[in-house]
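The structure under discussion appears below in the form of C-alpha cells.
The values are calculated or read from the model by the stated rules, or taken from the named source; none is laboratory data. Computed from a predicted model, the values in this text were never measured in an experiment. Neighbour counts run over all protein chains shown; Cβ positions are idealised from the backbone, glycine included. Only protein heavy atoms, including side chains, enter the accessible area calculation; ligands, DNA and RNA are left aside. Shrake-Rupley method; radii C 1.70, N 1.55, O 1.52, S 1.80 Å.
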2 protein chains.
Amino acid sequence: MKKLSLLLLFTFLWVSCDQKQKKIINKKGLSSEEKIDSTKIKTLFNSALTQSKSYEWLRDLTQNIGGRLSGSPETQKAVEWGKKVMKEVGLDSVWLQPVMVPHWVRGEKEIANYTSNGIKKNVPICALGFSVATPKAGILAEVIEVKSLDEARALGNKMKGKIIFFNRSFDNTLINTFKAYGGCVDQRVRGAAVCGEFGAKGVIVRSMTNSVDDYPHTGIMSYGNLPKEKYIPAAAISSRAANVLSDDLKLNPNLKFHFKQSCKTLPDAPSFNVVGEIKGTETPENIFVVGGHLDSWDLGEGAHDDGTGVVQSLEVAYLFKKNNIKPKNTLRVVFFMNEENGTRGAKKYAELAKLNKENHIGGLESDAGGHTPRGFSIDANSVNTKLLQSWKKLLSPYGLHDLDKGGSGADISPLRGENVTLVGYRPDSQRYFDYHHTSRDTFDKVNKRELELGSASMASIIYLMDKYLYSNTMVKP
Amino acid sequence: MKKLSLLLLFTFLWVSCDQKQKKIINKKGLSSEEKIDSTKIKTLFNSALTQSKSYEWLRDLTQNIGGRLSGSPETQKAVEWGKKVMKEVGLDSVWLQPVMVPHWVRGEKEIANYTSNGIKKNVPICALGFSVATPKAGILAEVIEVKSLDEARALGNKMKGKIIFFNRSFDNTLINTFKAYGGCVDQRVRGAAVCGEFGAKGVIVRSMTNSVDDYPHTGIMSYGNLPKEKYIPAAAISSRAANVLSDDLKLNPNLKFHFKQSCKTLPDAPSFNVVGEIKGTETPENIFVVGGHLDSWDLGEGAHDDGTGVVQSLEVAYLFKKNNIKPKNTLRVVFFMNEENGTRGAKKYAELAKLNKENHIGGLESDAGGHTPRGFSIDANSVNTKLLQSWKKLLSPYGLHDLDKGGSGADISPLRGENVTLVGYRPDSQRYFDYHHTSRDTFDKVNKRELELGSASMASIIYLMDKYLYSNTMVKP
C-alpha cells in the first residue's frame, strides 16, 4: 500500500513538473491542451457567426411578444415561447418552475407639466415600478431640487407638501457606465422612502442615463419600512427635462409641477422560470447554470434588458449541440422570471436547488446588454478566479480582455458559495444606458454580430469551466 | 575631453541602470513617471467625456453639410467649415493646401430590376465611384454569377454581352470585419477591369457588408489599364438582393438583368486639405500629424466615414489646449481631402512635406469609424513599436488593449519612413460595415460617448508619443 502511495505521489510530482515544464517551454505560445481549447473556441465562434439562431429568437421575443413586465399576459406568452424554443434546441429536458411574482401595472400613460414664465412645458415622465398612483387629478406642488438622499433628509419637515426632485446626474467620467448607474440609482430606489417619511407630496427623479435626451427611464423603487399611509408617488423624468426644470427653478423657484399617474400593485400573480438542461456525460450531478431574465420593463421591448441575455444563454446550449460538445457536467439553461421587480424567480430557483440538494458548481449570467464583448466579471474563490484569468490568452483574440473579480448578476448570485464559481458576461457598456428601461430598448438597437459574438463568448467560457473547473483535481472545490 | 566623455558615459549607464531598476521595482504597479502619465491620461478622458465639442462638430458637419464627395459643392462648404472650427479651437495657425481632385458625379438615382418566373423585382443598386454610365436606356443582359476575379477570368470570351455578377460574401467568421472587407473588395475594385477586357456588358457586385440588408454600398472601382472603349458600367447591389438574384439564377439561368445609371467623371476640380497646428515648445521643427478625411461618399452623411475621424482629430488639439498640455513637438491637425476616390489630398500633403523639408516623426489617423475604442495599429520600426506597446498598462483601463503591428491609414501612409511612427486608431469594427458607404452612414448612428472616448484615446497616445518618441534619446530616430 505504501509502495502504491509512493508511486502515486511520484507520478503526481512527475506529471506536475512535466506540466510546469511544458508551460515554461511554450511560454510564448499555447500548450498542446490549450491548442485543443483554442481550436474548440474558434469552432464555437465560427458557428455562432454563421449558424446562429439568437437574432431570430430575439426578433420573435421582442417584436411578437414585446415588453414583459412580471404578471402581465406578455410574460405568460414569453414563458410558452421559452419552453418552445428550448425544446426546439433539443435539450434533454425542459420544465417550468412555478413562482408567484409581484404584479404592478402602469395604468394610463403618465402626464407631467409645469408653467414657468407663462410658458407651459410638458415633461416626459414615467412612474417607477411599485410606486403608488397620484390622486385622480394628479399632484400639483412646488419643487425642491436635491442631489442626494442626504440632502433630502437634511430638508426634514421643509419637504412637507412639496415635490422633491432628485437631480444627481451620472458621473460621465466613469468608463464603465454601470459604475455611474451604481452611483446614482439610490435616488430612484430610495427617494420616495426618504421623502415620504417627512410628508413630501411626491418625488420625481432624473432618469438613470449617461445621455441628455427625452426618454424617461423607469425602474424599481421601494418604500422600505415606510407605513402605507406615507407612501407617495414616484416617477422619473427625462434627463433633458431634468436640466430644463433645474434651470427654470433657478429663475422661478415657486413654480408648481404637476404630474399624474394611475399605476397600482395588484395581488401576486403566478408565473414561471423556464428551465432546460443537457445532462452531463461524466458528473451529471454537478450543474453549471447559464441564464438571463425573461421579464422586462413594459416601456420598450426588453431587447438589451434582457432579451439578449435570454437568447444568448440558450445559444450556449445550441452551440454545444451543434458542435457535438457534450458537457461533462450538466449544463442548465434558465430563463429567470421577475428580475426587474422582485427577483422572485432567482430566489425560487436557488430555494429549489437547495431543497433538491442540487450541486451547482458554477453559473454564468448575461444581463448587461447585447453589445460587443469585452469580457467577464468573476465571483469565485481565489484559486478558481486565477484559473479563469489564466484563460485570457484563449479569450483575448475575441476581444475578451476583461477578466476582473466582481459581481455576476442578480439572478445567479443567490447560488453563491465558497466553491461556486459565478461569472457575469460583460459586453461593452457605453450605449447601454441610452436604452435601459425606456421605450427605446427595442430589437433594432441590437446588432446581430455583437449578439452572436456574445453567445460565442459565453459558450467558450462555459466550455472551459466545464472542462477544467471541476474535473481538474487541483482546483476541485 | 576624454574624462568628460567617460563621465558622460558613466552618467548615461548609471541613469539607464537606475531606470531599469525602477522598472523592476515597480513591476506590478507604475513607475513615478508612469503615474504622471496615468494622471494626464485620466485628465484627457475626463475632459473628453464632459467638455467635448466633437459631437456637436459632427452634427454640424453631417447634418448641415451632409455627404461630401470630392469636387462637390458640399466639400467646398466642408473646407470652409474645417477652417472655421480649427480657428475656433485656437490653433496657432490654420491654412489650406490647394489640391486638384477627381470629380465623379452620380447623376440620377440608379435603377435595376429583372423578371423571374413572371415576377418583376426591383433591386437596390448604386453606381461605383469612377464607373461610366450605361446607355440612356440602360443595359439588359443575361447574368453570369461568379465568386472571384479568377473565376471571371476563366470565363474568357463567354462573358461577351453578359452582365457579370460578383457574389463572394464577407467571411463572417473573421472577428475583425476589416479583414473580411479586405478579402472581398477586389471584386468591387477590379471586377469591371477584368470583365471589360473580355467584352462583358457590365458588372454588378454584392455590397461590401457583413449583414444581409437592403442597402447598396458604393465605393471606388478602377478600370486599371483597360483602353477607354472597353470601359463597362459597374454597380453594387444590396446583399439581400444578391442572395435573391443568386437563388433566381439557379431556377432561371437565362433571366435578364436590367440596370441604368448616368454617372460620369468630370474634369478634375480644385479643392483643399485643411491644416492647422500647435507649435511645439521644444522641437517645433518635428511634426506629429493627426487626421481624418473630410470628403465622404455621397449616399449618406459621411458620419462614421469619416466625419468621426475629422472631429476626433481636431478634438486631440482641443483637449491639449483645454488642459494646457503644450506639445514639445509641433502637433498638426489635417483634414485630408479625397481619401475616398484618389487620396490626392494625402499625396499632396506628403509631397509638400518633402518639398518643404518638414520632419514628420509620427502620425495618427482615425478612419475606421467612431465606435467604442479597442486600440491602435502600429506601423513603426521595432524599437518604437515596442515603446508604444509598453504603454499598454496606461491605455488598457480605457478599453485600449489592441496594440498590434499593422497599417495606419490611407492618408498618413505616404509619410512612411524608417523613423516615422505611424498609428491607426482602431475602434470596435463590428457595426462598421452596416453603414460604410451607404445611405445609412448618418449622424444618428454615432454614439456620443463612444466618439468622445475615441478622441481621448487618440489624445492620450499623441501625448505619450510627443513625450517619449523623439525626446527619449534611447529611441531617437
Study note, to complete from the structure: Those residues of region A:59-80 that are closer than 12 Å to A:PHE272 by Cβ, open to solvent by less than 20 Å² (accessible area, probe 1.4 Å) and of a type outside the set (Gly, Ala, Ser) come to a total of 2
Revision key, fill the gap. Filtering region A:388-407 down to residues that are open to solvent by 10 Å² or more (accessible area, probe 1.4 Å) and under 19 Å from the mean Cα position of the chain (by Cα) yields A:ASP402, A:ASP404, A:LYS405, A:GLY406, A:GLY407
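Hey, among B:LYS77, B:LYS109, which residue is under 20 Å from B:GLY300 (Cβ atoms) and assigned to a loop (DSSP other than H, G, I, E, B)? Give the steps one after another, and end with the answer.
Details: B:LYS77 fails: assigned to a loop (DSSP other than H, G, I, E, B).
Criteria check complete, one pass: B:LYS109.
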Exercise for review: Looking only at region A:144-156, decide whether some residue is more than 14 Å from chain B (Cβ to nearest Cβ), at positive phi and assigned to a helix (DSSP H, G or I).
Suggested key: yes
Practice item. Among the residues of region A:269-291, count how many are within 30 Å of A:ALA459 (Cα to Cα) and open to solvent by 30 Å² or more (accessible area, probe 1.4 Å). Key: 7
Practice item. Please indicate, with yes or no, whether at least one residue in region A:340-359 is open to solvent by 10 Å² or more (accessible area, probe 1.4 Å) and part of a strand (DSSP E or B). Key: yes
Exercise for review: Report, ordered by the first and then the second residue, all pairs with beta carbons closer than 7 Å, sequence separation of six or more or different chains, a first member in region B:164-182 that is more than 9 Å from every other protein chain (Cβ to nearest Cβ), and a second member that is assigned to a strand (DSSP E or B) and open to solvent by 40 Å² or more (accessible area, probe 1.4 Å).
Suggested key: B:PHE165/B:GLU145; B:ASN167/B:GLU145
Check your understanding: Of the residues A:LEU255, A:LEU266, which is more than 30 Å from A:PHE320 (Cα to Cα) and open to solvent by less than 20 Å² (accessible area, probe 1.4 Å)?
Key -> A:LEU255
Check your understanding: Yes or no: A:VAL244 away from every other protein chain (no Cβ under 14 Å) and open to solvent by 20 Å² or more (accessible area, probe 1.4 Å)?
Key -> yes
Practice item. Go through (1) in a helix (DSSP H, G or I); (2) within 26 Å of B:GLY219 (Cα to Cα) one by one and return the number of the condition B:GLY67 breaks. Key: (1)
Review point. How many residues does region B:115-152 hold that are β-branched (Val, Ile, Thr) and in contact with a Ser or Thr (Cβ under 9 Å, 6 or more places away or on another chain)?
Key: 4
Review point. In the list B:THR39, B:THR62, which residue meets the criterion of being at pLDDT 95 or above and over 29 Å from the mean Cα position of the chain (by Cα)?
Key: B:THR39
Check your understanding: Quick check: anything in region B:34-49 part of a loop (DSSP other than H, G, I, E, B) and open to solvent by less than 50 Å² (accessible area, probe 1.4 Å)?
Key -> no
Review point. Consider A:GLY309 against the criteria (1) out of contact with any Phe, Trp or Tyr (no Cβ under 6 Å at 6 or more places or on another chain); (2) buried (at least 20 other Cβ atoms within 10 Å of the Cβ); (3) more than 14 Å from chain B (Cβ to nearest Cβ); (4) outside any helix (DSSP H, G or I): it satisfies all of them except one. Which criterion is unmet?
Key: (4)
Study note, to complete from the structure: Expected single match for free of Cβ contacts under 8 Å to residues at least 40 places away in the same chain, away from every other protein chain (no Cβ under 14 Å) and touching a helix residue (DSSP H, G or I) at 6+ places or on another chain (Cβ under 7 Å) among A:LYS405, A:LYS354, A:LYS386 is A:LYS405
**Study point:** Residue in region A:184-232 that is farthest from A:GLU151 (Cα to Cα), counting only those that are within 14 Å of chain B (Cβ to nearest Cβ) and either part of a helix (DSSP H, G or I) or open to solvent by less than 50 Å² (accessible area, probe 1.4 Å) (or both)
**Key:** A:ASP213
